[in-house]
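A.B. asks: Structure below; questions to follow.
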Amino acid sequence: MHSLRIISISIALALGLSACAWVKPSTQGAQVKVAEPSEVGHCRKVGTTTVSVMDKVVGVPRSYRTMAEELANLARNEAPNLQGDTVVPVGDIINGQQQFEVYDCRVEEGGAMTMPYSQ
């Protein structure tokens, strides 16, 4: 009976942890927008990045939504390294991995760099 209780607690803990988003955007990453392909037509593609997170915790599959949020945050954190300010997810999440295209969507207006959309 004691081992059944430990197993139940372990499963509940794993399920709880699998729903938590651990990856947060960096200071620079917080300035990067996650966009749809239709929003980057005026932008210049500067590269791609492939990011990954664990898709299971203690053998329990993680929430798709949580993984998507973490993957987007990782891509946002990577975009400034490629001189980008916008990321677009490419395809589905497969085994905790996803590819993002990175864009520079800043446009010059009167000598100042501005974003053509609101964040």
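A.B. asks: Looking at region 73-83, is at least one residue in a strand (DSSP E or B), touching a residue at least 40 places away in the same chain (Cβ under 8 Å), of a type in the set (A, V, I, L, M) and on the phi < 0 side of the Ramachandran plot? Steps first, answer last, please.
C.D. replies: Let us first name the residues in region 73-83 that are in a strand (DSSP E or B), namely none.
No.
A.B. asks: Something else now. Restricting to region 78-119, what's the tally of residues that are at pLDDT 95 or above and farther than 20 Å from residue 23 by Cα?
C.D. replies: Matching residues across region 78-119 total 4.
A.B. asks: Would you check if residue 50 is modelled with pLDDT under 95 and either of a type outside the set (Val, Ile, Thr) or under 20 Å from residue 92 (Cβ atoms) (or both)?
C.D. replies: Values: modelled with pLDDT under 95: no; either of a type outside the set (Val, Ile, Thr) or under 20 Å from residue 92 (Cβ atoms) (or both): yes.
No.
The values are calculated or read from the model by the stated rules, or taken from the named source; none is laboratory data. Note that the coordinates shown come from a computational prediction; the quantities given were computed from them, not determined experimentally. Here Cβ is always computed from backbone atoms with ideal geometry, including for glycine, and neighbour counts include all displayed protein chains.
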